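Trainee: Okay, handing you the structure first.
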Amino acid sequence: MRLIITFFVLLGSLSLSAQSFSGNLMSESTNEVLSYGNVDIFQGDKLVASVLTDKFGNFNVALDTGSYQCVINYADHLPITKDIRVERDEVADFNMAIDPTKPVAPKLLDSEMMITESISAKSIESVAVRSSRGGSRFGRKKSKAPVFHSLGYSSTSVASAYDSGGKVGSGKEISRGGALTAGEINDYSKWKMWQDLSDSELKSFADGWKIAPKGRYTLELRSQSGLPLADAVVELVANRSKVIYSARTDNTGKAELWYTTTGEEVVRSGLSMKINYRGQKKELKKVTPFDEGVNHLMMTVECSEINNVDIAFVVDATGSMGDELNYLKEEMNEIIFKSKQISSTLNFHFANVFYRDEGTEEYLTRTMDFSRILSESVQFINNQRAGGGGDYEEAVEVALDAAINDLNWNEEARTRIIFLILDAPPHNNEANQQKLNELMRKAAEKGIRIVPVGASGINKSTEYLMRTMAIATNGTYTFLTDHSGIGNSHIEPSTDEYEVETFNDILVRIVKSYTYMPDCEQNIPDLDLNYPDSLVSSVPFIDSLDTADTNPRDSINVNNPDERPEVKWSYYPNPTNGIINVKADTDINELFITDLTGKLLQSIKKLEKDQVYRIDLSSYTTGIYLIRYLHEEKWITGKVVLQRY
């Protein structure tokens, strides 16, 4: 559960304005700093900036010269409204009074605090991990010890900590956040592998759940100026009338649609797409399946930025989650805080659904609807405890139904995400199979991306179900690993390799990649990506994927870092308004173009060394793209910014 709270903290702000408004937030009655409070800046009725206070109660928001209204909110405290005039760097501190109408939130007992002495003496020795599927031609990699951040609610220290070599030492203080380790499998980036797995190793689970998305169709929707159009309704239609699947475009303007989610034979004839963007309707009468390419459509519209971001946490709170639930709560604060650093203009809303199982004596689901006030979500999460359950399966479908159909999702949003955190599957029966299929389709229809988080205890059947939920809703699959030494053992996923990261880092990266968008002036936020751009590299960035895959996560060390292949290559201009030139001093068998999440968009085969190749990106939306190729069994990746002027 602490994992959820840390996620909220990741939300700060960035701006290029010339001056700032900063200050500190404290509780008037207790004289304690108020961490993660909401500071909103308005001009008239328009929200122009929204930031959170940090763990010390400090905030800073960049603003242009002008008059504003500052509104501050914190759980169980009376809101503060103050008119401000910004002409230089302005400073103001605030003391918030307790709301006498609100009950006092219970404080955690020492016995309920997370204890980290149980972290075993393990080091995170492998960033790229081979799965049990078999050998890989890529070398093993070592990583640095994870970085721990003091972002928890308690200042309680622990006796053990990672030393500089990545092992657990003693006598050092660490906070609870950042302790969990995890991996990600984005099956959209390893698409050929997923198709092979679902027809072989995982096929029995597809038959068991009666859930198998097939017949993929992808649409990329852009404006006349090349900007991605988010939250458009896209329908895959048979014979011009029957809606087969409905989805919404994401922050990159792409929608993923499926001919079937139950594994029937795919019929490609007579299909079309209907698109509705803010009341303007278009139709693609002839559509192309993904294995033949991406469908593109341009619409002439006025630019209008959508800044709502809805994030819901759906969490298994049964007794079996007790080994990891407190750590999970701790992580969430930091994740949200860092994620919001993309832009102070994003309007984040948070909701929570905690669930147990049918027949549980205390509750089946416990829900908090969407709120902009982060501290209210933090308080709700902190009050949850693991308990109940009994048999292996839990009421996953009941919780998803409550999240998808009962929460008040914004009618218009650039991003909607459900983080589904669980260690057990739903009960597998005919009624639940049908219900889960309906819930996946309803989530896609509403534009809700499901990102499962597999904790200790899940089996292969659950892994398959979670990955199909992610695929059907344009999401990705994440899972906790044994590398932290926290909790019970975790199964190895079915894949070739994956990269071990802190759980914080993975969720921050996912939220950033799901929310970033260029503004109407074609400005793209700085996402602090670890990729080169427009350079000639003799010591290239390397990652750990086979030739069929396009995942952008690059690792940094392979066996001996001094034995990296030396390649000189360049790609220019960068940023580009459509055309990019690529030249390398080695033959390239196949060059891949992907979006930031790793989705393959196009490939160019047989590039000869020392030749300049002209690649046209002009049909894609404004944004960040990756160019990748394999050299001596190592992936080399660069970042390209597509930006119209």
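The values are calculated or read from the model by the stated rules, or taken from the named source; none is laboratory data. The structure presented is a predicted model; accordingly, all values stated were derived computationally and were not measured. Please note: Cβ atoms are built from the backbone with ideal geometry, for glycine as well, and neighbour counts cover all protein chains shown.
Trainee: Would you mind stating whether S320 is small (G, A, S), more than 14 Å from V453 (Cβ to Cβ) and in contact with a helix residue (DSSP H, G or I) (Cβ under 6 Å, 6 or more places away or on another chain)?
Mentor: Against the criterion (small (G, A, S), more than 14 Å from V453 (Cβ to Cβ) and in contact with a helix residue (DSSP H, G or I) (Cβ under 6 Å, 6 or more places away or on another chain)), S320 does not qualify.
Trainee: I've got another one for you. Within region 600-633, can you find the residues that are farther than 19 Å from N295 by Cα and either assigned to a loop (DSSP other than H, G, I, E, B) or in contact with a Gly (Cβ under 9 Å, 6 or more places away or on another chain) (or both)?
Mentor: E608, K609, D610, Q611, V612, L626, I627, R628, E632, E633
Trainee: Please count how many residues of region 395-410 are at pLDDT below 95 and in contact with a helix residue (DSSP H, G or I) (Cβ under 6 Å, 6 or more places away or on another chain).
Mentor: Looking only at that region, the number is 0.
Trainee: For region 261-269, check the following and say yes or no: at least one residue is surrounded by fewer than 17 Cβ atoms within 10 Å (Cβ to Cβ) and in contact with a Gly (Cβ under 6 Å, 6 or more places away or on another chain).
Mentor: yes
Trainee: Looking at region 510-530, which of its residues are assigned to a helix (DSSP H, G or I) and among the hydroxyl-bearing types (S, T, Y)?
Mentor: Answer for region 510-530, where residues must be assigned to a helix (DSSP H, G or I) and among the hydroxyl-bearing types (S, T, Y): S513, Y514, T515.
Trainee: I want to confirm something. Restricting to region 474-500 and keeping residues that are at pLDDT 90 or above and not in a loop (DSSP other than H, G, I, E, B), which single residue is farthest from Y327 (Cα to Cα)?
Mentor: Out of the qualifying residues, it is Y477.
Trainee: Now, a different point. Having 1 or more residues that are in contact with a strand residue (DSSP E or B) (Cβ under 8 Å, 6 or more places away or on another chain) and at pLDDT 90 or above is the bar; report the strands (runs of 3 or more DSSP E) wholly within region 36-148 that clear it.
Mentor: Fully inside region 36-148 and qualifying: 38-43, 46-52, 58-63, 66-73, 80-86, 94-96.
Trainee: Yes or no: T468 outside any loop (DSSP other than H, G, I, E, B), under 19 Å from D323 (Cα atoms) and either hydroxyl-bearing (S, T, Y) or modelled with pLDDT under 95 (or both)?
Mentor: The answer is no for T468.
Trainee: Further, regarding this structure: So K282 passes all but one of these: (1) among the charged types (D, E, K, R); (2) free of Cβ contacts under 8 Å to residues at least 24 places away in the same chain; (3) surrounded by 15 or more Cβ atoms within 10 Å (Cβ to Cβ); (4) assigned to a loop (DSSP other than H, G, I, E, B). Which condition number does it fail?
Mentor: The one condition K282 does not meet is (4).
Trainee: Same structure, new question: Restricting region 587-619 to residues that are of a type in the set (S, T, Y) and within 25 Å of V508 (Cβ to Cβ), which is modelled with the lowest pLDDT?
Mentor: Top of the filtered list is T597.
Trainee: Within region 15-46, which residues are in contact (Cβ under 8 Å) with a residue 60 or more places away in the chain, surrounded by fewer than 16 Cβ atoms within 10 Å (Cβ to Cβ) and within 19 Å of K82 (Cβ to Cβ)?
Mentor: Q19, E28
Trainee: I'd like to verify a number: residues in region 293-312 that are assigned to a loop (DSSP other than H, G, I, E, B) and not hydroxyl-bearing (S, T, Y), how many?
Mentor: Here the count works out to 8.
Trainee: Give the number of residues within region 319-342 that are modelled with pLDDT of 75 or more, in contact with a strand residue (DSSP E or B) (Cβ under 9 Å, 6 or more places away or on another chain) and either surrounded by fewer than 24 Cβ atoms within 10 Å (Cβ to Cβ) or not assigned by TED's automatic domain parsing to the domain that holds L407 (or both).
Mentor: Residues that pass the stated criteria total 1.
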